[in-house]
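Worksheet for the structure shown next.
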Amino acid sequence: MEKKYFGTGPKGPVDAYTLKNSNGMAVTILTMGGIVQKLLVPTDGGPADVCLGYDTLEEYLAGRSYFGALIGRNGNRIANAEFSIDGKRYPVTPNSGRHQCHGGLEGFDRKLWAAEAAGNSLRLTYLSPDGEEGFPGNVQVTVTYTLGEDNSLRIDYRAVPDWDTVVNLTNHTYFNLNGGGSVENHTLWVDADRYTVNDDEIIPTGEIAAVAGTCLDFRTPKELLLEIDDPMLQKIGGYDHNFCLNGSGLRKVAALNNGALTMEVETTCPGLQLYCAAYKRPVNGKNGARYAGRCFVCLETQAYPDAVHHENFPSTVVRAGETYAETTVYRFRRRSDEII
């Protein structure tokens, strides 16, 4: 494991930790936001950095794309930036119109995390104070990244509050298995028969509908962008939808493939947010890259969006003293590994 100084932000110095395995896979993680800054994966054509990001801390501080970041206390959206627990109302900070998205104005993606390295794992900790972004209770959060010899990146999320609160953590890495350019050659499989229906503001209506007969049916692998012009997607310019994953426990729920590389996703979470939109204005990224058009896909494992307002969704309320615990694994396989 390597540790390097990455820059100094408003909360202090930021370090970059790089984990490596014997196969040539490497992941670089920043102590600001737990950001996955680089994800170098071996392919038959040589190593490829399969995540979008920036070269400098200043670019991360100026951007609002959440490249590679840990998201909390609540990933995704909370309608009208408020919720109630046991009849007590908690207003939280809006940052997406009248709604809250990804934890508010300064979510976990902007926090400086304490880091502890051990073997091929990096343990990040952060104490989220009572009232931060409007959320009740102090919450001790631990996120552990582990790089496996099977070319997997495992993320273990743990959080313990001292007051009843809402917790829903995820990681917001933007994947591109080509290492750059369009993702038009990517195929996707998702093990989900249903999805949560959104309104025009990407807020769940509470309805859970079947994917059958819609552009959200990825139960058989298909080209990611095959139905990107479907009227269902035109209002938001692409995919930004939550799938209700089949099964429970740590299980395989999705697979992304570009013909040369497969990324399998395992998780304990009940939901997966597929986000694949278009950069209409190019964004400058790592190593002089220009991120434009449909150049990424996010597969965010999490609870259902706006679960605090829908009793038919799995709850995101964590009671005082309870432990929130979820795990997600991203595993990479080359074509020569003969696994698709």
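Note: relative contact order over the stretch 2-337, using C-alpha pairs below 8 Å and six or more positions apart, is 18 percent. Amide H contacts of Arg194: Val211, Cys244, each under 5 Å away and 5 or more positions distant or on a separate chain (H built 1.01 Å from N in the peptide plane; Pro and chain starts excluded). Close amide H pairs (under 5 Å, H built 1.01 Å from N) link Ile85 with Tyr90, residues at least 5 positions away or on another chain. Residue by residue, the stretch 50-66 carries 3J(HN,Hα) couplings of 9, 10, 7, x, 10, 8, 10, 5, 4, 5, 5, 5, 7, x, 10, 8, 6 Hz when phi is fed to the Karplus relation 6.51 cos²θ - 1.76 cosθ + 1.60 (θ = phi - 60°); x denotes Gly or Pro.
Peptides 98-104, 143-149 ranked from most to least packed by the mean count of surrounding Cβ atoms within 10 Å: 98-104, 143-149.
Mind checking which lysines have their C-alpha under 23 Å from Lys235, skipping anything on the same chain fewer than 8 residues away? Here the lysines satisfying the reach criterion relative to Lys235 are Lys222, Lys280. If R0 is 45 Å, what FRET efficiency do you get for Ala320 and Lys252 from their C-beta distance, rounded to 0.05? The formula returns an efficiency of 0.85 here.
Derived scalar couplings between HN and Hα for the stretch 264-273 equal 9, 10, 10, 7, 9, 6, x, x, 9, 8 Hz in order, rounded to whole Hz, by the Karplus curve 6.51 cos²θ - 1.76 cosθ + 1.60 (θ = phi - 60°), x for Gly and Pro. Residues Trp163, Trp189, Trp113, ranked from the fewest to the most other C-beta atoms within 10 Å, line up as Trp163, Trp189, Trp113. 3J(HN,Hα) along the stretch 191-203, derived from phi through the Karplus expression 6.51 cos²θ - 1.76 cosθ + 1.60 where θ = phi - 60°, amounts to 7, 8, 8, 9, 9, 8, 6, 9, 8, 5, 9, 6, 9 Hz, with x in place of Gly and Pro.
Only helical runs count toward this figure. For the chain, summing -39,500 (n - 2.57) over DSSP H runs of n ≥ 4 and dividing by all residues gives -500 deg cm²/dmol at 222 nm. Counting neighbouring beta carbons within 10 Å and listing from fewest to most, the residues Ser128, Ser315, Ser336 come out as Ser336, Ser315, Ser128. Using the Cβ atoms and a cut-off under 14 Å, what net charge is assigned to the surroundings of Pro94, where Lys and Arg are +1 and Asp and Glu are -1? Summing Lys/Arg as +1 and Asp/Glu as -1 gives -3. Only lysines eight or more places from Lys38 in sequence, or on another chain, were considered; those with a Cα closer than 21 Å are Lys3, Lys4, Lys20, Lys111, Lys286.
Counting other Cβ atoms within 10 Å of each Cβ, which trypsin sites (Lys or Arg not before Pro) in the stretch 32-89 have at most 13 and sit in a DSSP loop?
The qualifying sites are Arg64.
For Lys11, a cut-off of 15 angstrom between C-alpha atoms picks up these aspartates and glutamates, skipping any fewer than 8 places away in its own chain: Glu58, Glu106, Asp109. Multiplying the residue separation of Lys235 and Arg290 by 0.36 nm and removing their Cα-Cα distance gives an extension gain of 17.3 nm.
A straight chain from Thr93 to Asp217 at 0.36 nm per residue would run longer than the Cα-Cα distance by 41.2 nm.
Compared with the alpha-carbon gap, the fully stretched path from Ser84 to Asp130 is longer by 15.0 nm at 0.36 nm per residue.
Close amide H partners of Gly53, meaning residues 5 or more places away or on another chain with modelled amide H under 5 Å apart, are Lys286.
Here, each number is a calculation from the coordinates, and none is a lab measurement. Keep in mind it's a predicted model, so treat the numbers as computed, not measured. Ideal geometry is used to build each Cβ from the backbone, glycine not excepted, and the neighbour counts take in all protein chains shown.
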